[in-house]
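Everything below concerns the one structure shown next.
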Amino acid sequence: MQEEIVIIGAGQAGAQVAQSLRQGGFEGPLRLIGDEPHPPYQRPPLSKKFLAGEIGAEGLWLRPPAFFTTNKIDHIPNTRVVAIDRAAKRLSLASGDTLPYGKLVLATGTNARFLKLDGADKTGVVTLRSIADVDVIRNMMQASSRIAIIGAGYIGLEVAAVARSLGKDVTVVEALDRPMKRVVSEAVSDFFTKLHRGKGVDLRLNTGLEAIVGDEAVTGVKLADGETVPAELVLVAVGAEPNDRLADDAGLEVDNGILVDGCGQTSDPDIFAAGDCTRFYSSRYQRSVRMESVQNAIDQAKTVAQALLGNEVDYDPLPWFWSDQYDIKLQIAGLSEGYDDTRVVGSPEDSKFYVAYLKGGRLIAVDSINSPRSHMMARRVIGETWRDDLLPAA
C-alpha cells in the first residue's frame, strides 16, 4: 500500500499538488489540510473582482467541492497544524488531535506583513489576504467615504482602483519615490502614477508615516510631516512574508522561506514544499529566489507531485505575474532585477506599450501594458540577445 501523503495548505499550490498526484497515478491516502472554511480558491481576484462584488465566493473556487470527493482527496477545512514531529512523522493540530504522515508537503503560503506603527491595531485598520479579509473590507468600505492605503504595490493599487470605481476618496501613501518600484522601471511607475492620479487618487510618494490615529476606531493616518490624512478605513498593503514558522519550529532549513531543492524537497527527505512559502536556487538567475505568483504556485506544485511519484525533476522556471488596475492589464515576464538597459516600445499615452529589460545585451524581462502579444512572445524569447525585431510592436 502506498504511504499517506499529507499536504498542509489548501491554496493554489496545495490543491495543485493533490490534483497532480491523482492525475499522475497516486492511489494512496491523500489529505489536504486548510485553515479556512472554504474549498481551495484562487487569491488574485480578491483585491479586484471579488472586492468589487463582480464575482461571488463560488467564482473563486479552483475546483468544485465535489472534485475532491470524486478524486478521494480528503480535504480537511478549518484545521490548523501547530507542530510537526519529524521523528514520529505526526502532525499536532490546534484541536489537540494528531495526524500521521508518510510524506508531507508544506504549501503554507504567505502572511500579510505586519506594520510596526502606533495605532496599527485600531478598529478599521485591515490587511488583505483571504476571503474573510475581503468580507470585512467590503462591509467597512460601504460605510466609509475616505480610505487610506499604505503601500503602492500590486495590492494597494488594485484596491485603490476598486475603491475609486465605487466613488470613494482614496489616498495612497508610499515610502518610496515611485509606485511598484521594486518590480518595475521608471517608465512603468510613471504610467501608473499618472493613471491613478488621473482617476482622482491622492497618491503621496516619498512619504513617511508617524502613526495611525483615532480612539478605538481609526480616524486618519498621520504623516511624517505632521499632516493627518482623514480616513475611516486604512488598508495596510506593505507586502507579504513567507509562512515558514511551522517549518522553522520543526528544524527545517529556512531563510525568508522554506529552503528546497530543484524537486521541492526540504532538508528532510520526507518533507517537500511548494508555492509562495519556498525559496530555491535558480540556475537561470544565478541566485536564490522566492516568488509570490500563481505561476510559481502551480508549476512548483506540479514539480513536487512528480518528485513524489518518483520522477526526476529540476524546477527552474521563467516566472510571470500580472495586475489589473481599472481597465489596464500589466503583465510581467521574467525578473528584471539587475537590468542595465531598457527599451520602451509602443505608446504610454495610448495605454499600450511594453518595456524590455536588458542585462549585458540580453533580454531578461518584459513589462507589458495592455499588450498581451508582447507578453506571450517575451515568455518564449527571454534569454536571447536583444534585436529590434525580437518582440512585436505593442
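The values are calculated or read from the model by the stated rules, or taken from the named source; none is laboratory data. The structure displayed is predicted, hence computed values, not measured ones. Positions of Cβ are generated from backbone atoms using ideal geometry, with glycine treated the same way; all protein chains shown enter the neighbour counts. The protein model used for the area step is the full one, side chains on, heavy atoms only, and it has no ligands, DNA or RNA in it. Shrake-Rupley method; radii C 1.70, N 1.55, O 1.52, S 1.80 Å.
Could you please find all residues in segment 192-248 being of a type in the set (Ser, Thr, Tyr) and farther than 27 Å from Ala143 by Cβ? Walk me through how you get there before you give the answer.
Quick first cut of segment 192-248, residues of a type in the set (Ser, Thr, Tyr) only: 193, 207, 219, 228.
Selection gives Thr193 alone.
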**In segment 77-89, the residues that are outside any loop (DSSP other than H, G, I, E, B) and surrounded by 15 or more Cβ atoms within 10 Å (Cβ to Cβ)** = Val81, Ile84
**Request:** Could you look through segment 324-353, keep only residues that are of a type in the set (A, V, I, L, M) and in a strand (DSSP E or B), and pick out the one that is most open to solvent (accessible area, probe 1.4 Å)?
**Result:** Val344
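Only one of these is at pLDDT 95 or above and under 27 Å from Gly9 (Cα atoms): Ala132, Ala163, Ala148, Ala175. Name it. Even if it seems obvious, please write down each step before you answer.
Values: Ala163 fails: under 27 Å from Gly9 (Cα atoms); Ala148 fails: under 27 Å from Gly9 (Cα atoms); Ala175 fails: under 27 Å from Gly9 (Cα atoms).
One residue alone meets the criteria, Ala132.
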**Item:** Long-range neighbours under 9 Å by Cβ, at least six apart or interchain, first residue closer than 21 Å to Ile328 by Cα within segment 338-351, second basic (Lys, Arg)
**Value:** Gly346/Lys352; Pro348/Lys194
**Request:** Could you please let me know if Glu36 is in a loop (DSSP other than H, G, I, E, B), touching a residue at least 12 places away in the same chain (Cβ under 8 Å) and more than 19 Å from the chain's Cα centre (by Cα)?
**Result:** no
**Prompt:** Residues in segment 57-72: is at least one more than 30 Å from Arg164 (Cα to Cα), open to solvent by less than 40 Å² (accessible area, probe 1.4 Å), not in a strand (DSSP E or B) and not aliphatic (A, V, I, L, M)?
**Reply:** yes
**Prompt:** Within segment 82-133, can you find the residues that are in contact with a helix residue (DSSP H, G or I) (Cβ under 8 Å, 6 or more places away or on another chain) and under 15 Å from Ile212 (Cβ atoms)?
**Reply:** Gly124, Val126, Thr127
**Message:** Give all pairs with beta carbons closer than 7 Å in which a residue from segment 108-123 that is under 25 Å from Arg43 (Cα atoms) meets a residue that is hydrophobic (A, V, I, L, M, F, W, C) and open to solvent by 30 Å² or more (accessible area, probe 1.4 Å); count only pairs at least 6 apart in sequence or on separate chains.
**Reply:** Arg113/Val238; Leu115/Val238; Thr123/Ala217
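Residues are listed down the side, and each one gets a yes or a no for (1) among the polar types (S, T, N, Q); (2) part of a helix (DSSP H, G or I); (3) surrounded by fewer than 18 Cβ atoms within 10 Å (Cβ to Cβ):
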site: Leu363; (1), (2), (3): no, no, no
site: Val366; (1), (2), (3): no, no, no
site: Arg373; (1), (2), (3): no, yes, yes
site: Met377; (1), (2), (3): no, yes, no
site: Arg387; (1), (2), (3): no, no, yes
site: Leu391; (1), (2), (3): no, no, no
**Request:** For segment 47-84, enumerate the residues that are over 26 Å from the mean Cα position of the chain (by Cα) and in contact (Cβ under 8 Å) with a residue 40 or more places away in the chain.
**Result:** Asn71, Lys72
